[in-house]
1. Does S47 meet the test of being at pLDDT 80 or above, among the polar types (S, T, N, Q) and touching a strand residue (DSSP E or B) at 6+ places or on another chain (Cβ under 6 Å)?
2. Has the range 97-113 got at least one residue that is closer than 18 Å to S47 by Cα, out of contact with any helix residue (DSSP H, G or I) (no Cβ under 6 Å at 6 or more places or on another chain), modelled with pLDDT of 95 or more and open to solvent by 30 Å² or more (accessible area, probe 1.4 Å)?
3. Tally up the residues in the range 122-136 that are among the charged types (D, E, K, R) and either touching an Asp or Glu at 6+ places or on another chain (Cβ under 8 Å) or modelled with pLDDT of 95 or more (or both), please.
4. Could you give every pair whose Cβ atoms fall below 9 Å, whose first residue belongs to the range 65-84 and is at positive phi, and whose second residue is buried (at least 18 other Cβ atoms within 10 Å of the Cβ) and part of a loop (DSSP other than H, G, I, E, B), counting only separations of at least 6 or pairs across chains?
5. I'd like the full set of residues that are at negative phi and open to solvent by 50 Å² or more (accessible area, probe 1.4 Å), limited to the range 34-43.
6. From the list E84, E68, which residue is of a type in the set (D, E, K, R), open to solvent by 80 Å² or more (accessible area, probe 1.4 Å) and under 23 Å from D133 (Cα atoms)?
7. With respect to L107, is the statement that it is more than 27 Å from W1 (Cα to Cα) and assigned to a strand (DSSP E or B) true?
8. When the residues of the range 47-61 are filtered to those that are surrounded by 13 or more Cβ atoms within 10 Å (Cβ to Cβ) and in a loop (DSSP other than H, G, I, E, B), which remaining residue is farthest from the chain's Cα centre (by Cα)?
Amino acid sequence: WLQDQAVALARQTRGAQDQMMTAQRKKRRAPQVETVAAFGPPRGDASENVSVVKSKLPGTLALRSLGEPAEAAQRLVDTAIAPEGSGKEATLIEAVGEMRGTADYQLIYQFEYTVEFDDGRELHNVCAIGAKDDTLYTLTVLAPESAWESKSEKLTQVAQSFRLL
């Protein structure tokens, strides 16, 4: 898989802007939601990829404050993934919470869901989320539902490898 060049260019541009602002002694506000990295197969159409997104959390909100895994996952599905009027319908399949890490264990929520679009496309997703300091990190892997069975083991393994350092 290759790095998504649009994401890489956007991060590079933000870095240059930060350097210019620092030189001018001004501070640029960090974006509330930012795609940190995205990868997909060569010449892919974004229906199969892995991405990491970071979002600012208000105050010192912790992952547990989002509720139990199923409650947090359903809230994310209903408000961010397939809100009413979006032309998408999402179905939550499973949600779990587990401690992950080696020396510094952290709570990670992982959930699996499908998204069906008005045009008939259907994507299968596995998402892992964790919070550190005032930031929520989300890793999502996805593939077309028609290809999920043959790819699910590897894509789920990617989500299960998610750790916050």
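The values are calculated or read from the model by the stated rules, or taken from the named source; none is laboratory data. Because the structure is a prediction, the values reported are computed rather than measured. Every residue, glycine as well, gets a Cβ built from its backbone with ideal geometry; the counts of neighbours run over all protein chains shown. All accessible areas refer to the heavy atoms of the entire protein, side chains included, with ligands and DNA or RNA removed. Shrake-Rupley method; radii C 1.70, N 1.55, O 1.52, S 1.80 Å.
1. Details: at pLDDT 80 or above: yes; among the polar types (S, T, N, Q): yes; touching a strand residue (DSSP E or B) at 6+ places or on another chain (Cβ under 6 Å): yes.
So S47 passes the test.
2. The answer is yes, given that some residue of the range 97-113 is closer than 18 Å to S47 by Cα, out of contact with any helix residue (DSSP H, G or I) (no Cβ under 6 Å at 6 or more places or on another chain), modelled with pLDDT of 95 or more and open to solvent by 30 Å² or more (accessible area, probe 1.4 Å).
3. First, pick out the residues of the range 122-136 that are among the charged types (D, E, K, R): 122, 132-134.
Keeping just the survivors that are either touching an Asp or Glu at 6+ places or on another chain (Cβ under 8 Å) or modelled with pLDDT of 95 or more (or both) gives 122.
The qualifying residues number 1.
4. Listed pairs, sorted by first residue: none to list.
5. Of the residues in the range 34-43, the ones at negative phi are 34-42.
Answer for the range 34-43, where residues must be at negative phi and open to solvent by 50 Å² or more (accessible area, probe 1.4 Å): T35, F39, P42.
6. None of the other options fit; the residue is E68.
7. Details: more than 27 Å from W1 (Cα to Cα): yes; assigned to a strand (DSSP E or B): yes.
In short, yes.
8. Restricting attention to the range 47-61, the residues satisfying the condition of being surrounded by 13 or more Cβ atoms within 10 Å (Cβ to Cβ) are 47-57, 61.
Keeping just the survivors that are in a loop (DSSP other than H, G, I, E, B) gives 47-48, 57, 61.
Details: S47: 14, E48: 14, L57: 14, L61: 18 Å.
Filtering the range 47-61 for residues that are surrounded by 13 or more Cβ atoms within 10 Å (Cβ to Cβ) and in a loop (DSSP other than H, G, I, E, B), the one farthest from the chain's Cα centre (by Cα) comes out as L61.
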